[in-house]
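S.K.: Okay, handing you the structure first.
The values are calculated or read from the model by the stated rules, or taken from the named source; none is laboratory data. Just so it is clear, the model here is predicted, and its values are computed rather than measured. A quick note on method: Cβ atoms are made from the backbone with ideal geometry, for glycine too, and the neighbour counts reach across all protein chains shown.
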Amino acid sequence: MTAIPSSRETYRHGGLREALIEVGVELARTGGPDAVVLRETTRRTGVAPNAAYRHFADRQELLRAVSDRAQALAATRIEERLRGLGGTGDAGEDARALIRAIGHAYVDFARAEPGLFRAAFTVPRDLVTAGSRTKAGSGGRTPFQLLARALDALVEAGLLPPERRPGAEFCAWSAVHGLAMLVLEGPLHALDEAAVVAARDRVVEAIVRGL
């Protein structure tokens, strides 16, 4: 974790809010959303507990900010995977590759960063509506928007009928999220690396062909 200065003077010009979010992200990384508490974040930033209330009305508001940041990190991870794709010149195959890359990156993020994944996608709130810049990755899009863009590419390539496009995000997202949660917390938790990768690939391929 990046060292955060403990002096209260450091936060006179608005840096405290960002410092609290950064600490909250580190708490979520190691302990999931339940670990994000105001008292611990203020203790780690070296300020009085009441100082947090200048920036967050309560713990839930801080947790939402941490969730936004965790979503941004997930989006950035997906974007990195997308940047690694090479175009084939076939619009249909390239569109399918986008869906595969997003699905693989989503499950891989859950496995690599289980605490941040839970903070990003299990905190009750509106995860669909585009808005806060903190939800977006380095490319300016949220995970949901990245998926929507890939589905639009399927339509443009003639592989997904326009009348079936509305709501397709929910089907695709639900499938990969369900697999991720089964691997993290459910009966698939004990699968070895090869089995998890195989399950990931089969689920994502089923989504691509189903669409």
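S.K.: If we only count helices (runs of 4 or more DSSP H) wholly inside the range 69-181, which ones have 3 or more residues that are touching a residue at least 24 places away in the same chain (Cβ under 8 Å), within 18 Å of residue 202 (Cα to Cα) and under 12 Å from the mean Cα position of the chain (by Cα)?
M.R.: So the answer is 91-112.
S.K.: Now a separate question. Kindly establish whether residue 136 is aliphatic (A, V, I, L, M) and modelled with pLDDT under 85.
M.R.: Against the criterion (aliphatic (A, V, I, L, M) and modelled with pLDDT under 85), residue 136 qualifies.
S.K.: Hey, another quick one. Could you tell me which of the residues 65, 57, 74 is surrounded by 14 or more Cβ atoms within 10 Å (Cβ to Cβ) and either polar (S, T, N, Q) or over 22 Å from residue 154 (Cβ atoms) (or both)?
M.R.: The unique qualifying residue is 65.
S.K.: Out of the residues in the range 153-211 that are among the acidic types (Asp, Glu) and loosely packed, with under 15 Cβ neighbours inside 10 Å, which is nearest to residue 116 (Cα to Cα)?
M.R.: 185
S.K.: Of 29, 39, which residue is basic (Lys, Arg) and more than 20 Å from the chain's Cα centre (by Cα)?
M.R.: None of the other options fit; the residue is 39.
S.K.: Give me the pairs, please: first residue somewhere in the range 38-61 and without any contact (Cβ under 8 Å) to a residue 24 or more places away in the chain, second residue anywhere and assigned to a helix (DSSP H, G or I) and crowded, with 18+ Cβ neighbours inside 10 Å, beta-carbon distance under 6 Å, and either six or more positions apart or on two chains.
M.R.: What qualifies is 41/20; 41/23; 41/24; 42/52; 49/42; 59/38.
S.K.: Take the residues in the range 38-54 that are buried (at least 20 other Cβ atoms within 10 Å of the Cβ) and among the polar types (S, T, N, Q); name whichever of them is nearest to residue 141 (Cα to Cα).
M.R.: Filtering first and then ranking leaves 41.
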